[in-house]
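Notes follow once the structure below has been shown.
The values are calculated or read from the model by the stated rules, or taken from the named source; none is laboratory data. These figures come from a predicted structure and were not determined experimentally. Positions of Cβ are generated from backbone atoms using ideal geometry, with glycine treated the same way; all protein chains shown enter the neighbour counts. Protein only, heavy atoms only, side chains kept; ligands, DNA and RNA dropped before computing areas. Shrake-Rupley method; radii C 1.70, N 1.55, O 1.52, S 1.80 Å.
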Amino acid sequence: GLADRMTSRDADQMRILSFLDVGEEIDLGEIRLDGQRQRDRLRKGLMAEPLDWYDESSPWGPAVASPPTEVSFTFESVKQVIVRRRGPAVGLYGAIEIRHLNGPLLLGETYRVSSTVRALGCTPKTEYMWTETTASRGGTPVTSVLMMSRVMKASSGRYS
């Protein structure tokens with residue numbers, strides 16, 4: 001799995017993401033998953049694999065979050081915090097792994113979202129980070145998203 005590939009390499013040379021530490025937790029608090037963006041994409045025919053469960057109801061009650069919605073809800077929330085701290089730079093997605101631990105994420109529900117930095121490093125053209133973000137309800141983890149993302153060195157003023 002992806003966890004086997006989460007290695008830190010040359011993290012001591014980082015400039016853009018140097019404020020992060022492996023093991024650091026970023027608590028985003030309680031966030032409501034309203035699902036409006038997902039429903040808009042469905043109605044405009046922009047979803048590659050539309051399912052009825054993404055719009056109205058599902059066997060779990062409310063509509064379920066699609067994989068892109070799960071990634072957006074978890075990683076994008078963390079990314080906003082990190083971008084405010086790191087400053088402007090061009091970011092790229094790397095690997096993504098979604099794990100459903102206790103059912104799917106449900107639209108209209110509120111989750112406690114927190115992320116842990118799992119690895120940091122550099123390549124010749126990028127700095128990268130691995131984060132594991134978990135959405136929990138009532139103290140029970142529901143979904144976990146493991147994400148590797150990169151920042152282009154050439155896009156940051158911290159590299160000349």
Q. Quick one: if the Förster radius is 35 Å, what FRET efficiency do Val90 and Asp34 give, using the C-beta to C-beta distance and rounding to 0.05?
A. 0.80
(Q) For a quick check: with amide H placed at 1.01 Å from N, whose amide H comes under 5 Å from Glu109's, ignoring anything fewer than 5 positions away on the same chain? (A) Leu33
**Q.** Most to least accessible of Trp53, Trp60 (protein chains only, probe 1.4 Å)
**A.** Trp60, Trp53
Q) Which lysines have a Cα less than 24 Å from the Cα of Lys125, not counting those fewer than 8 places away in the same chain? A) Lys79, Lys153
**Q.** Positive minus negative residues near Arg15 (Lys, Arg vs Asp, Glu; Cβ under 9 Å)
**A.** +1
Q. Amide H to amide H under 5 Å from Ser8: which residues, 5+ apart in sequence or cross-chain, H placed 1.01 Å off N in plane?
A. Leu120
Q: Would you work out which of Ser115, Tyr54, Leu101 lies farthest towards the positive end of the dipole of the chain? Charges go on Cβ: Lys and Arg +1, Asp and Glu -1.
A: Ser115
Q) Taking θ as phi - 60°, what are the ³J(HN,Hα) couplings along segment 148-155 by the Karplus curve (6.51, -1.76, 1.60), each to the nearest whole Hz, with x for Gly and Pro? A) 10, 10, 10, 10, 6, 4, 5, 8
Q: Quote the charge dipole size of segment 48-160 about the Cα centre in Debye, to the nearest 20; the model charges only the Cβ of Lys and Arg (+1) and of Asp and Glu (-1).
A: 920
Q: Match the structure shown to one of the listed values (i) 26, 19, 13; (ii) 31, 17, 13; (iii) 24, 19, 14 of semi-axes √(5λ) of the Cα gyration tensor in Å, computed from it, and give that label.
A: (ii)
Q.
Sequence gap at least 6, Cα distance under 8 Å: using those rules, report the relative contact order of the chain to the nearest whole percent.
A. 32
Q. For segment 47-60, in order, what is each residue's ³J(HN,Hα) by Karplus, 6.51 cos²θ - 1.76 cosθ + 1.60 with θ = phi - 60°, in whole Hz (x at glycine and Pro)?
A. 9, 4, 10, x, 10, 4, 5, 7, 10, 10, 9, 9, x, 8
